[in-house]
Amino acid sequence: MNYRHLGKAGIKLSELSLGAWVTYGGQVGEEIAEKCMLAAYEAGVNFFDNAEAYASGRAEVVMGNVIKRLGWRREDLVISTKVFWGGKGTNDRGLSHKHIIEGVNNSLRRLQMDYVDLLFCHRPDPNTPIEETVRAMDILVRQGKAFYWGTSEWSAADILRADGIARQYNLTPPSMEQPQYNMFHRQVFEMEYQPIYKELGYGTTIWSPLASGLLSGKYANGIPEGSRAALPGYEWLLEETLTPERIEKARQLTPIAADLGCTLAQMSLAWCLKNPNVSTVITGASRPEQVHENMKALDVVDKLTPAIMAKIEEVLGNKPESLLD
């Protein structure tokens, strides 16, 4: 395992990490979650991602129980959570000062921890002034309940605005973004976010590197039973991600991976790691065998020569225009 700095921050994250979205507390039980986390940990993974919204908080409970049972040293781990969707109450969602403080305190109780290393605003909140959100996050950092804070799926303009407010009032500025990034979803990461890399030294913890499983090749012949796209509430995947055009491109990418001696999923994870603005790639797994297979992507990164990357781009045909030169 290799480790990368989170942007200009001093903290280091494993290049591949493990997230709890969809799986923990929902798709898989605590026993399987433990096996997956143990497999990742033994491979050198130190970053485990979570959120108050995942399985309505149950994912945090599962992760906290597993870490406590395995007796891992807290200093060896980088744990994140995200705040926005905390419940159905009037003030249980959004980025108000009230919900940020209460939501994080609830997350810490579920995780059975005194602090999280990384804390994200799970989405932008148009109903709360950014200054209010920045002040609340600053309080949590000063209290030692979070070491670094950042955003997820915010626009570059709002990120720059939050940074400006923090510096104006001597508050803790954001230092990281958690965006979706994969072969099919790249415009924002590679284009819009350039200022936050260059001007702010932002780090990134990217999610959905396999495009919700599309780049694993498992949807080539339909929707497998038990897959994410077959779960209730994930019908949007069929419309937004699992399009016939993308499925066909995934088929065309498969022979390129085969020539490299790896799977499409491993090549897709390695492709993300080739981008120097990626701090860590968050992987998902519903069984430990998937963790083992994903970790092999580390051996593929150096195989992605300029010639191979050009072959991939030829199939994708979606490289941002200003990067084509």
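The values are calculated or read from the model by the stated rules, or taken from the named source; none is laboratory data. Given the structure is predicted, the values throughout are model-derived calculations rather than measurements. FYI the Cβ positions are ideal-geometry reconstructions off the backbone, even for glycines, and counts take in every protein chain you see.
A few notes on this one:
- The set of residues in the range 108-124 that are within 25 Å of residue 155 (Cβ to Cβ) and in contact with a helix residue (DSSP H, G or I) (Cβ under 6 Å, 6 or more places away or on another chain) contains only 124.
- Flag for residue 199 being free of Cβ contacts under 8 Å to residues at least 40 places away in the same chain and not aromatic (Phe, Trp, Tyr): yes
- For the range 105-132, the set of residues classified as of a type in the set (Val, Ile, Thr) and either part of a helix (DSSP H, G or I) or farther than 20 Å from residue 65 by Cα (or both) consists of 128, 130, listed by residue number.
- Being among the aromatic types (Phe, Trp, Tyr) and in contact with a Gly (Cβ under 8 Å, 6 or more places away or on another chain) is a description that does not apply to residue 169.
- Pairs linking a residue in the range 141-163 that is farther than 17 Å from residue 9 by Cβ to a residue that is among the basic types (Lys, Arg), with Cβ atoms under 6 Å and 6 or more positions apart or on different chains, are 153/123.
- If you go through the range 86-119 and keep only what is touching a residue at least 60 places away in the same chain (Cβ under 8 Å) and more than 17 Å from residue 56 (Cβ to Cβ), you end up with 117, 118.
- Residue that is surrounded by the fewest Cβ atoms within 10 Å (Cβ to Cβ), among those in the range 12-23 that are within 21 Å of residue 113 (Cβ to Cβ) and touching a Leu at 6+ places or on another chain (Cβ under 9 Å): 12
- Members of the range 24-55 found to be of a type outside the set (D, E, K, R) and exposed (fewer than 15 other Cβ atoms within 10 Å of the Cβ), listed by number: 29, 44
- Looking only at the range 166-196, and only at residues there that are in contact (Cβ under 8 Å) with a residue 40 or more places away in the chain and among the aromatic types (Phe, Trp, Tyr), the one that is farthest from residue 283 (Cα to Cα): 193
- Long-range neighbours under 8 Å by Cβ, at least six apart or interchain, first residue under 29 Å from residue 42 (Cα atoms) and among the β-branched types (Val, Ile, Thr) within the range 296-325, second at pLDDT 95 or above and not in a helix (DSSP H, G or I): 300/262; 301/274
- For the criterion of being surrounded by fewer than 21 Cβ atoms within 10 Å (Cβ to Cβ), of a type in the set (A, V, I, L, M) and under 25 Å from residue 175 (Cα atoms), residue 9 passes.
- Filtered residues of the range 118-139 (kept if of a type outside the set (Val, Ile, Thr) and farther than 18 Å from residue 105 by Cβ): 123, 124, 125, 126, 127, 129, 131
- Test: residue in the range 248-264 that is surrounded by 14 or more Cβ atoms within 10 Å (Cβ to Cβ), touching a strand residue (DSSP E or B) at 6+ places or on another chain (Cβ under 9 Å) and not small (Gly, Ala, Ser): no
- Within the range 274-294, the set of residues being part of a helix (DSSP H, G or I) and surrounded by 23 or more Cβ atoms within 10 Å (Cβ to Cβ) comprises 291, 294.
- Of the set (1) modelled with pLDDT of 95 or more; (2) in contact with a helix residue (DSSP H, G or I) (Cβ under 8 Å, 6 or more places away or on another chain); (3) surrounded by 19 or more Cβ atoms within 10 Å (Cβ to Cβ); (4) among the aromatic types (Phe, Trp, Tyr), all apply to residue 219 but (1).
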